[in-house]
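All of the numbers you see were taken from the coordinates with simple rules; none came from a lab. All values derive from a computational prediction rather than experimental measurement. So basically every Cβ, Gly included, is an ideal-geometry build from the backbone, and we count neighbours across all protein chains shown.
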Amino acid sequence: MTGSLAGKTLFITGASRGIGLAIALRAARDGANVAVAAKSVAENPKIPGTVFTAAAEIEAAGGRALALPCDIRFDAQVEEAIEKTVGVFGALDILVNNASAIDLRGIDQLEMKRFDLMHQINARGTYLCAKLALPHLARAENPHILTLSPPLDLDPRWFSPNLGYTMAKYGMSLVTLGLARDLAAKGIAVNSLWPETAIATAAVGNLLGGQEALRRARKPGIVADAAHAILTREARACTGNFFVDVNVLKEEGETDFSKYAVDPKVDAILDFFLAEPITRGVRALSFAPGHTSAAKPE
């Protein structure tokens, strides 16, 4: 991987921990400017990480950071955060829509307030951030919008019993599908990225099987490396794609995926929305959910 994000400005939602933070740190190692937009402002023992701790890590990794307490459900907060980003760094080159909410309960148990929360953060939040970032991205040299959402597959198995979550998550993917066509003439790349396997984040540890699920996951760095590869590509030649992390890295010449494993000795869990494993040592194993919801697993 030879491209660099040096001097580029990224606005990353949900970047206080997990995949969002990993993407931010990968960019920081190039010398990028990173706006950390997330709700987390106080430490939580169950879900560590805040916008302030993330900003400190980004600075330590070699980047410039801006901590932005921001709830992407609210238009005014997103607008203010984006304007602050441009005011501090002078531009906005890349939007990464990472913030997401998950609740896997079925229609008989899922309260409408939880349903609404998922749609407000996942689908609406992604759309809102793209809408407000667009005027600034249009002036960038190699502008990208990258959304952490799955390939669209209408197989009924992905809709039952977690219909509410699938609707909300696919809403993010529909933003990619539509905006890629809308913005092609402007030269703004719009893509989605999804991991082949479960990723070792708070959502997996707290919601989808605890330590055993984490043991069968890959580290967030695999998604960060794939995101870096996408975001350093020529925008006009790279748009409208639903990427899977390992496929991106294979295109970059990567052959050893064991380094990303939390425990290379066990098979990893195939992620939601993917029908078949791509690499060896990955199986479509069942999660063993304890809790089934998270307001905002960043």
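Annotations
- Each of Leu92, Leu163 was scored by other Cβ atoms within 10 Å of its Cβ. Arranged with the fewest first, they read Leu163, Leu92.
- The range 130-202, relative contact order [Cα under 8 Å, separation at least 6], %: 43 percent
- Stretch in the chain that is longest and holds no trypsin sites (Lys or Arg not before Pro) that DSSP places in a loop and that have at most 11 other beta carbons within 10 Å: 140-264
- Fewest-first sequence of Val88, Val246, Val36 by Cβ atoms within 10 Å of each Cβ: Val88, Val246, Val36
- For the range 95-126, the residues whose backbone nitrogen is under 18 Å from a point 7 Å from the Cα of Leu177, taken along Cα to Cβ, are 119, 122-126.
- Rounded FRET efficiency, nearest 0.05, which uses the C-beta distance separating Gln109 from Ala237 and R0 of 41 Å: 0.35
- Residues with amide H under 5 Å from that of Leu274, placed H, sequence gap 5 or more: none
- Length available on full extension from Ala91 to Arg139: 0.36 nm per residue minus the Cα-Cα distance, which gives 16.5 nm.
- Per-residue Cβ neighbour rank within 10 angstrom, fewest leading, Leu231, Leu117, Leu137: Leu117, Leu137, Leu231
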